[in-house]
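Trainee: Below is a structure I'd like to ask you about.
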Amino acid sequence: MTNAFTMGCSASFHHRANNLRNLSALPGFKTVSMSLSRKTKNTLKESWKLVEPVKTEAGKAMFMRLFEMHPNIQDTFPTFKGVSLDELMNSRSLYLHAKRVMASVESAISALDDAEVLVESLTNLGRRHQPWSVREEHFTVVGEALLWTLQDKLASACTSQVIEAWKELFNFISKTMLRGLEDAINTKCQ
């Protein structure tokens, strides 16, 4: 059975198995394979169980780390532009965005065994990021902030195996979203 899967930062949507489009039929769409091993998937699921109770707090910490390390990226978020980090930390905007992003991470974890749904959702999420001029280097620094956050929240449970599993998943998420982003840019240019 295919899961309903929600992904999104600002415009969440639901996909059901009978509504999935055939992504490979899109012009220029490149198939993304998900080669995560069963062991990696289990590591991700088990480590997520430890993060899940504090997922929104973890999301806020991830964004705060991202903006501390790369202040220029804060300006790519219209609602965060020009807001001090102190003010941002306690803002409803950051809380809501962190909540949506971490819900997306949770959805990705839930869909690890359903590659078709996961790829569809991540591709569409990438498309929806086109208006904000998201670039590949943004994914790199978000990944760094996510790994830092996982190390912080998981503490001693954050083993090298856990870090490698999350790196693998985030690499897959990034590549899939970038393909969706590229598709949105190419469609806009036609």
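FYI, it's all coordinate maths here, none of it is from the lab. Just so we're clear, the structure is a prediction, and the values are computed from it rather than from any experiment. Here the Cβ positions follow ideal geometry from the backbone for every residue, glycine too, while neighbour counts run over all protein chains shown.
Trainee: Can you tally the net charge around Ile109? Count Lys and Arg as +1, Asp and Glu as -1, for every other residue whose Cβ sits under 14 Å from the Cβ of Ile109.
Mentor: On the way: positive: Lys41, Lys45, Lys49, Lys55; negative: Glu46, Glu52, Glu106, Asp113, Asp114, Glu168.
For residues surrounding Ile109, the net value is -2.
Trainee: Among Ser121, Ser91, Ser110, whose Cα lies farthest out toward the positive end of the dipole of the stretch 54-154, if unit charges sit on the beta carbon of Lys, Arg (+1) and Asp, Glu (-1)?
Mentor: Working it through, the farthest residue towards the positive pole turns out to be Ser91.
Trainee: Using a/c under 1.5 as the rounded threshold, could you call the stretch 28-137 rounded, prolate or oblate? The axes a ≥ b ≥ c are square roots of the C-alpha gyration tensor eigenvalues, and prolate needs a/b larger than b/c, oblate otherwise.
Mentor: oblate
Trainee: Would you mind working out the magnitude of the charge dipole of the stretch 64-167 relative to its Cα centre, with +1 at each Lys and Arg C-beta and -1 at each Asp and Glu C-beta, to the nearest 20 Debye?
Mentor: My answer is approximately 320 debye.
Trainee: Below 17 Å, Cα to Cα, which lysines can Lys45 reach? Residues fewer than 8 away in the same chain don't count.
Mentor: Cα-Cα hits under 17 Å: Lys55, Lys153, Lys167.
Trainee: Relative contact order for the stretch 31-128: what percent, with Cα pairs under 8 Å and sequence separation of 6 or more? Walk me through the numbers before you get to the answer.
Mentor: Details: 48 pairs, mean separation 32.2, N = 98.
Relative contact order here is 33 percent.
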